[in-house]
Amino acid sequence: MTFLNFLISGISLGSIYAIIALGYTMVYGIAKMLNFAHGDVIMVGAYICFYAISRFELPPLVGILLAMIVCMLLGIIIERLAYKPLRSAPSLAVLITAIGVSYFLQNAALLLWTPNPKVFPSVVGDGKVELFGGQLTISHVTIVTIVACVAIMIFLTVFTESTKMGKAMRACSEDKGAAQLMGINVNATISITFAIGSGLAAIAGALLCSAYPTLIPTTGSMPGIKAFTAAVFGGIGSIPGALLGGLLLGVIEIFAKAYISTQLSDAIVFAVLIIVLLVKPAGLLGKQIREKV
Amino acid sequence: MFPKLVPVPSKNMIPERDIDKPLVLECINLGITFGGLQAVENLDLAMGQTEITGLIGPNGAGKTTVFNLLTKVYQPTTGTILLNGKDIQGMDTAHVNREGIARTFQNIRLFSDLTVEENVKVGMDAQMHYNMLSSLLRLPGYWKEEKAAHERALELLSIFNMADLAGVKAGSLPYGAQRRLEIIRALATNPRLLLLDEPAAGMNPSETAELMENIRKIRDTFQIAILLIEHDMNLVMNICEGICVLNFGRVIAKGTPSEIQANPAVIEAYLGKKKEA
């Protein structure tokens, strides 16, 4: 039964990683850049949600919606100001800029919201479901997180498969020049991608802080890096890959904590990543790039 | 067989049948330099609304550069491009496409992970207007436009007998089919002027013959102008009404196929100078 408990908390943590990883992977797929500021957008989303619920006493759902809107705008603004001017620059320049944006957001949060930890109120309350006479307990946060992850996954799949914006995104991800020559507005498509990714980050922020309620300006960085790892693990650029990578990473992390060592859990997670990449360099579901000879 | 060419105000020649209609394309003194290299210089070109024109010249003459100028992939250093009488200066590539120029590529650039039908639908993007909300809520507007797009995609595909391949990934199509799909995708954007960059490259003689028929068929069905770059002289001399020869970025000859074939400057550019005996 303890095994099952661990598995469920692993899936729950993994679902949060997966939601964040989806943002990473979509932006990477379309803009071909690693948006290292993504983790800090999560933190901004969590703070907005925190203030909406705790200070302004808005209903949790309204708080999350508000956080999503703010983060979507933030994502679009970051892309326009920091990344768009560098679109034809070497990828290293964009990477460094993304790290810069990440630190900027963290320090802006320090100024605005002080380094004092905030206690985040769970967006779904503290209830839990007990099964098998109390042997297996699943908190509401866990259930909501897993359901949200599945719903987001379905939404993204339907969106990219069957809408014109989704098709435009996939076209841009393959060949921006050709897409533009077919009349696609590449800038708008990239903006939509950043908006979706950042909106997901806001949801992830609210769920993350509901499960782990201490909110500080660096809250987003470690989950951000883990989710990036998850995206690479599953094959960066692939939507199902982000889900699979996120879930596996969460489960491995919880099992490593439970059965091996709490201190070593992160080391174990990254060791598994290295082994997977040695065997499958493009990640689990990543596309192997065939060189034409 | 070929129509008589008549002069238009810019001193270019277009087929007689198009003389009463506005020009689809007019380039005046078009030029671009890359660093110190004059890649295209003083290019004057006019096209009637249903004209098929060939752009030929030795490798490196600047033919693809002309396409890149017309589609605003490159910004011209000098000159003007008028599309249906409208100056396209200041427009970006996507905007020029919506104004009526579509193209194919020398090295195929299909969206290979998308299906054949999706590739065609990408070309229709600018003509579909439903917004994010109606696509998420699946409002009637979404279904109506998606259904219309689906039908039109199949209609376009059936021109080249490709309708049965609609669900296949573009990347897994055989080479000839990929070339045809590129043309269909370009047509899906509703162009007034279609640019074909070496459409017959890599094709065998029977495929080339079929392509010639298809190019004429496209012109007759859609009543559009077609500008094509091609090295296959048989194709060029058979279907182009006007031919423009470039060498080192300059126009060295313009005229009907028979005029071009007899032009000494063209022969020299292709075969080298005749040695004085």
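The values are calculated or read from the model by the stated rules, or taken from the named source; none is laboratory data. None of these values were measured; they are calculated from a predicted model. Positions of Cβ are generated from backbone atoms using ideal geometry, with glycine treated the same way; all protein chains shown enter the neighbour counts. Keep in mind that these areas ignore ligands, DNA and RNA; they rest on the heavy atoms of the full protein, side chains included. Shrake-Rupley method; radii C 1.70, N 1.55, O 1.52, S 1.80 Å.
Other protein chain C-beta atoms within 10 Å of residue C-beta, averaged over A:161-171: 6.
In deg cm²/dmol and to the nearest 500, what is the mean residue ellipticity at 222 nm of chain A if only DSSP H runs of at least 4 residues count, each as -39500 (n - 2.57), divided by the residue total? Spell out each step's value before the answer.
Details: 11 runs with 197 residues, N = 293.
Rounded to the nearest 500, it is -22500 deg cm²/dmol.
Inter-chain Cβ neighbour count for B:119-125, averaged per residue, equals 6 (cutoff 10 Å, partner chain atoms only).
The stretch between B:Met233 and B:Lys144 holds 27.5 nm of extra length on full extension. This uses 0.36 nm per residue minus the Cα-Cα distance. Ligands, DNA and RNA left out, the 1.4 Å accessible surface of the range A:121-209 is 63% carbon and sulfur atoms. Let's test the formula: R0 of 56 Å, r as the Cβ-Cβ distance of A:Val147 and B:Lys4. What FRET efficiency results, to the nearest 0.05? E(calc), rounded to 0.05, equals 0.15.
Between B:Asn214 and B:Asn29, the contour length at 0.36 nm per residue exceeds the alpha carbon distance by 63.4 nm. With just the Cα atoms defining each centre, how far is the range B:217-247 from the range B:144-159? Give it in Å. Answer, in whole Å: 27. FRET efficiency for the pair B:Ala262 and B:Lys169, taken as 1/(1 + (r/R0)^6) with r the Cβ-Cβ distance and R0 = 51 Å, rounds to 0.60.
Label chain B by shape, choosing from rounded, prolate and oblate, from the square roots a ≥ b ≥ c of the eigenvalues of the Cα gyration tensor; if a/c is under 1.5 it is rounded, and otherwise prolate applies when a/b is larger than b/c, oblate when it is not. Let's see the in-between values first.
Numbers: a/c = 1.91, a/b = 1.59, b/c = 1.20.
In terms of gyration-tensor shape, prolate.
The loop-placed chymotrypsin sites (Phe, Trp or Tyr not before Pro) in the range A:94-134, going by DSSP, that have at most 10 neighbouring Cβ atoms within 10 Å of their Cβ come out as A:Phe132. Using the Karplus relation 6.51 cos²θ - 1.76 cosθ + 1.60 with θ = phi - 60°, the per-residue 3J(HN,Hα) values for the range A:149-160 come to 4, 5, 4, 5, 4, 5, 4, 5, 4, 4, 4, 6 Hz, with x marking Gly and Pro. Compared with the dominant Cα axis of chain B, that is its longest principal axis, helix B:175-188 is turned about 80°.
What whole-number value in Å² describes the accessible area per residue of the protein assembly as shown for a 1.4 Å probe? Walk me through the numbers before you get to the answer.
Values: 25310 Å² over 570 residues.
That works out to 44 Å² for each residue.
If the cut-off is 14 Å between C-alpha atoms, which aspartates and glutamates fall inside it for A:Lys287, apart from same-chain ones fewer than 8 positions away? Here the aspartates and glutamates satisfying the reach criterion relative to A:Lys287 are A:Glu174, B:Asp113.
Approximating the spin labels as points 7 Å out from Cα along Cα→Cβ, the A:Lys128-to-A:Ser54 distance works out to 2.3 nm. Each 5 Å bin from zero up to the one holding the largest Cα-Cα distance in the range B:59-160 carries the following percent of pairs: 2, 10, 16, 17, 17, 15, 12, 7, 3, 1, 0.
Between the range A:201-230 and the range A:126-181, how many Å separate their Cα centres? Each part reduced to its Cα centre gives a spacing of 17 Å. Spatially, the range A:1-68 and the range B:81-116 are offset by 39 Å when compared through their Cα centroids. Within the shell of other residues whose beta carbon sits under 14 angstrom from the beta carbon of B:Ser135, the net charge comes to +2, with Lys and Arg scored +1 and Asp and Glu -1. Distance between the 7 Å Cα→Cβ label points at A:Leu277 and A:Ile69: 4.0 nm. Taking each DSSP H run with n ≥ 4 as -39500 (n - 2.57) and averaging over every residue of chain B yields -10500 deg cm²/dmol at 222 nm. Across the range A:55-193, the mean sequence separation of Cα contacts (distance under 8 Å, 6 or more residues apart), normalised by length, yields a relative contact order of 15 percent. Summarising the strand pairing of the protein assembly as shown, around 65 percent of its internal DSSP beta bridges are antiparallel.
Per residue, what volume in Å³ does the Cα convex hull of the protein assembly as shown take up?
Details: hull volume 110.7 nm³, N = 570.
Dividing the Cα hull volume of the protein assembly as shown by its residues yields 194 Å³.
Once backbone amide H atoms are built at 1.01 Å from N, A:Leu58 has A:Ile53 as its partners under 5 Å, excluding neighbours fewer than 5 places away on the same chain.
Listed values for the range A:248-259 are Karplus-derived 3J(HN,Hα) couplings in whole Hz (6.51 cos²θ - 1.76 cosθ + 1.60, θ = phi - 60°), namely 4, 4, x, 5, 4, 4, 5, 5, 4, 5, 6, 9, and x replaces Gly and Pro. 3J(HN,Hα) along the range B:84-95: 6, x, 9, 6, 8, 4, x, 8, 8, 4, 5, 5 Hz, from the Karplus curve 6.51 cos²θ - 1.76 cosθ + 1.60 with θ = phi - 60°, whole Hz, x for Gly and Pro. With 21 Å as the limit, the listed pairs A:Lys176/B:Lys121; A:Lys167/B:Lys217; B:Lys4/B:Lys86 have A:Lys167/B:Lys217; B:Lys4/B:Lys86 beyond it between alpha carbons.
Our summary gives the range A:2-279 a relative contact order of 39 percent, counting only alpha carbon pairs under 8 angstrom and 6 or more residues apart.
With R₀ fixed at 56 Å, the C-beta to C-beta distance from A:Tyr212 to B:Leu37 puts the FRET efficiency at about 0.40. Projected over every direction and averaged, the convex hull enclosing the alpha-carbon atoms of the range A:2-279 yields 15.5 nm².
Compute the relative contact order of chain B as a whole-number percentage, counting only Cα pairs closer than 8 Å that sit 6 or more residues apart in sequence.
25 percent
Here each label is just a point 7 Å from Cα along the line to Cβ, and for A:Ser162 and A:Leu110 those points are 4.8 nm apart. Distant-in-sequence amide contacts of A:Ser139, defined by a placed amide H-H separation under 5 Å and a gap of 5 or more residues or a different chain, comprise A:Val129.
Please report the antiparallel percentage of the DSSP beta bridges confined to chain B, to the nearest 5. Please report the intermediate quantities before stating the final value.
Numbers: 23 of 39 bridges.
If I count the DSSP bridges inside chain B, around 60 percent turn out antiparallel.
Converting the Cα gyration tensor eigenvalues of the range A:224-280 into ellipsoid dimensions via √(5λ) gives semi-axes, longest first, of 20, 12, 9 Å.
This model, with +1 at the C-beta of Lys and Arg and -1 at the C-beta of Asp and Glu, gives the protein assembly as shown a dipole about its Cα centre of some 560 debye.
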